[in-house]
Amino acid sequence: MQTILRRQFCDFLSEFDLLLTPTTPISAPVRGSADAVERARLLTRFTAPFNLTGLPALSVPCGWTSEKMPIGLQIVSKPWAEAKVLLAGELYEHSRRLRIPVASLT
């Protein structure tokens, strides 16, 4: 399964430099709540495939929910493209500090 999944992601990433996804499909539960334990599997749904395949991935903060819980943006790339992932994360964070739309940095 690991080899198949890695090959599929590598095929996809041969056409694209980066894959952007939410870091989690839900906002973070309150720390120490029973809900946090129950939702652990759901919280890792978008990160687990990249942990399994070993592809470089980075999560950067990208906003807040109405309940003031953080929201993350996950940036993923092909094998050995760690520098590209880190640069994309840095540029995204820089654009947020300056409040410049990311599209204008390209």
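Filter the range 20-34 for residues that are among the aliphatic types (A, V, I, L, M) and not in a loop (DSSP other than H, G, I, E, B) and give the result. Even if it seems obvious, please write down each step before you answer.
Our first condition is that a residue be among the aliphatic types (A, V, I, L, M); within the range 20-34, this holds for 20, 26, 28, 30, 34.
Scanning the range 20-34 gives Leu20, Ala34.
Name the one entry in Leu20, Leu13, Leu42 that is open to solvent by less than 70 Å² (accessible area, probe 1.4 Å) and either at positive phi or modelled with pLDDT of 90 or more (or both). Steps first, answer last, please.
On the way: Leu20 fails: open to solvent by less than 70 Å² (accessible area, probe 1.4 Å); Leu42 fails: either at positive phi or modelled with pLDDT of 90 or more (or both).
Leu13 is the lone residue from the list that is open to solvent by less than 70 Å² (accessible area, probe 1.4 Å) and either at positive phi or modelled with pLDDT of 90 or more (or both).
Go through the range 58-71 and give me each residue that's modelled with pLDDT under 95 and closer than 30 Å to Arg7 by Cβ. I'd like the intermediate steps shown before the answer.
Initially, the range 58-71 is screened for residues modelled with pLDDT under 95, giving 61-71.
The answer is Cys62, and nothing else.
Touching a residue at least 60 places away in the same chain (Cβ under 8 Å) and open to solvent by 50 Å² or more (accessible area, probe 1.4 Å): does that describe Lys78?
Working: touching a residue at least 60 places away in the same chain (Cβ under 8 Å): yes; open to solvent by 50 Å² or more (accessible area, probe 1.4 Å): yes.
Judged against the criteria, Lys78 is a match.
The values are calculated or read from the model by the stated rules, or taken from the named source; none is laboratory data. Only a predicted model underlies this, so the values are computations on that prediction, with no experimental measurement involved. In this analysis, Cβ positions are derived from the backbone assuming ideal geometry, glycine residues included, and neighbour counts consider all displayed protein chains. What goes into the accessible areas is simple: the full protein's heavy atoms, side chains included, and nothing from ligands, DNA or RNA. Shrake-Rupley method; radii C 1.70, N 1.55, O 1.52, S 1.80 Å.
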